[in-house]
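Notes follow once the structure below has been shown.
Coordinate-derived values only; no laboratory data. Please read all numbers here as calculations on a predicted model, not as lab measurements. Here Cβ is always computed from backbone atoms with ideal geometry, including for glycine, and neighbour counts include all displayed protein chains.
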Amino acid sequence: MSEATLGGRFTFPGTSLTVHRIGYGAMQLAGPGVWGPPKDPDGAIALLREAIAAGVNHIDTSDYYGPHVTNQLIRQALHPYPAGLVIVTKLGARRPPDRSWQPAIAPQELTAGVHDNLRNLGLDALDIVNYRAMGAIHGPAEGSIAEPVTVLADLKCKGLIRHIGLSNVTAAQVAEAQAITEVVCVQNNYNLAQRGDDALVDELARQGIAYVPFFPLGGFTPLQSSTLSAVAARLGAKPMQVALAWLLHRSPNTLLIPGTSSVVHLRENLAAGQLTLSPQAVAELDRIAAAGAVKH
């Protein structure tokens, strides 16, 4: 894959970190329910190495995936890390033995989480740490995030974190965090069907801040749309490739981190950067959310 076919390049604001716009999300490397090891650890390691060989230099992970599993696999597969690789992790949750997802936002929990990430990734400092607000079931919820962001800003001052991002947050929370520290990226639920962040995407683009959609393909209930399928058929592409290409087209600050445990799907996702969408195709795809035509 060339730079162009991986969607071009993006530099996180105020940093020397430049990545290709199509990266890789590591969540699916863990076992079912993002718990425990994968059925095929050797296959997971091979997939990570395939991603790097294809030009991926942006990996999204968290130490609560598994827990600890994905970070340990990343270290086993890629350490010592190639020059230019940017590993982005996140804090704000924990996985107790009942396999639930619980908030972990107290100062001592956030600090311990940073050290867990450092240890399991084999790093002295973390490139970017996203504070992940737990929010409501279906998305972010308003409320102050000043305390946890201040904790991360202090850890940044101590040299354990280089840069700070946010995840599952509202526009007001982004502004609140920016009054405390520089924010280099925002990671929220967004895709062809989930367009609630349109105004935020545009505002972050004006500021040069990365917008990283999670569930870019619909998450646990993949996008389904006759329009999406029809556009894909005309392009000779897979529907999910078109959904990713639309995100790349949506805004130049959009970075993709589609996850998969399959080398075949990895290659398909990366190939989405080679697609060119005509104005007609973009207009058709833009109408999907408005028409409520995508099941999710």
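Brief remarks on what is shown
- The 3J(HN,Hα) values that the Karplus relation (6.51, -1.76, 1.60; θ = phi - 60°) gives for the stretch 240-257 are, in residue order, 5, 5, 5, 4, 5, 4, 4, 5, 4, 6, 4, 6, x, 8, 7, 10, 9, 9 Hz. Gly and Pro appear as x.
- The label point for Arg267 and the one for Gln108, both projected 7 Å from the Cα toward the Cβ, are 5.0 nm apart.
- Think of it as helices only: each DSSP H run of n ≥ 4 in the chain is worth -39500 (n - 2.57), and spread over all residues that comes to -11500 deg cm²/dmol at 222 nm.
- Across the stretch 262-276, rounded Karplus estimates of 3J(HN,Hα) from the backbone phi angles (6.51 cos²θ - 1.76 cosθ + 1.60, θ = phi - 60°) give 10, 4, 4, 5, 4, 4, 5, 4, 5, 5, 4, x, 8, 7, 10 Hz, Gly and Pro being marked x.
- Karplus-derived 3J(HN,Hα) values for the stretch 17-33, using 6.51 cos²θ - 1.76 cosθ + 1.60 with θ = phi - 60°, are 8, 10, 10, 5, 6, 9, x, 9, x, 8, 4, 6, 6, 6, x, x, x Hz; glycine and proline are entered as x.
- Rounded to 5, the percent of DSSP beta bridges in the chain classed as antiparallel: 20
- Antiparallel content of DSSP bridges confined to the stretch 1-128, in %, to 5: 40
- Once the gyration tensor of the Cα atoms in the chain is diagonalised, the equivalent ellipsoid follows with semi-axes of 28, 22, 18 Å, ordered largest first.
- Within the stretch 27-156: Cβ-based charge dipole about Cα centre, in debye rounded to nearest 20 (Lys, Arg +1; Asp, Glu -1): 180
- The amide H of Gly25, built 1.01 Å from its N in the peptide plane, has Asp60, Gly259, Thr260 as neighbours under 5 Å, considering only residues 5 or more places off or on other chains.
- DSSP assigns beta bridges within the stretch 55-203; of those with both partners inside it, close to 15 percent run antiparallel.
- Once backbone amide H atoms are built at 1.01 Å from N, Asn189 has Asn168, Phe214 as its partners under 5 Å, excluding neighbours fewer than 5 places away on the same chain.
- Nearest-20 debye value, the chain charge dipole, Cβ charges on Lys, Arg, Asp, Glu: 500
- For the stretch 160-296, with +1 on Lys and Arg beta carbons and -1 on Asp and Glu, the positive-most of Ala179, Thr254, His163 along the dipole: Thr254
- Pairs of lysine residues in the chain - Cα separation under 27 Å, sequence separation of 8 or more or cross-chain: 5
- Relative contact order (%) - the chain, alpha-carbon pairs under 8 angstrom, separation at least six: 19
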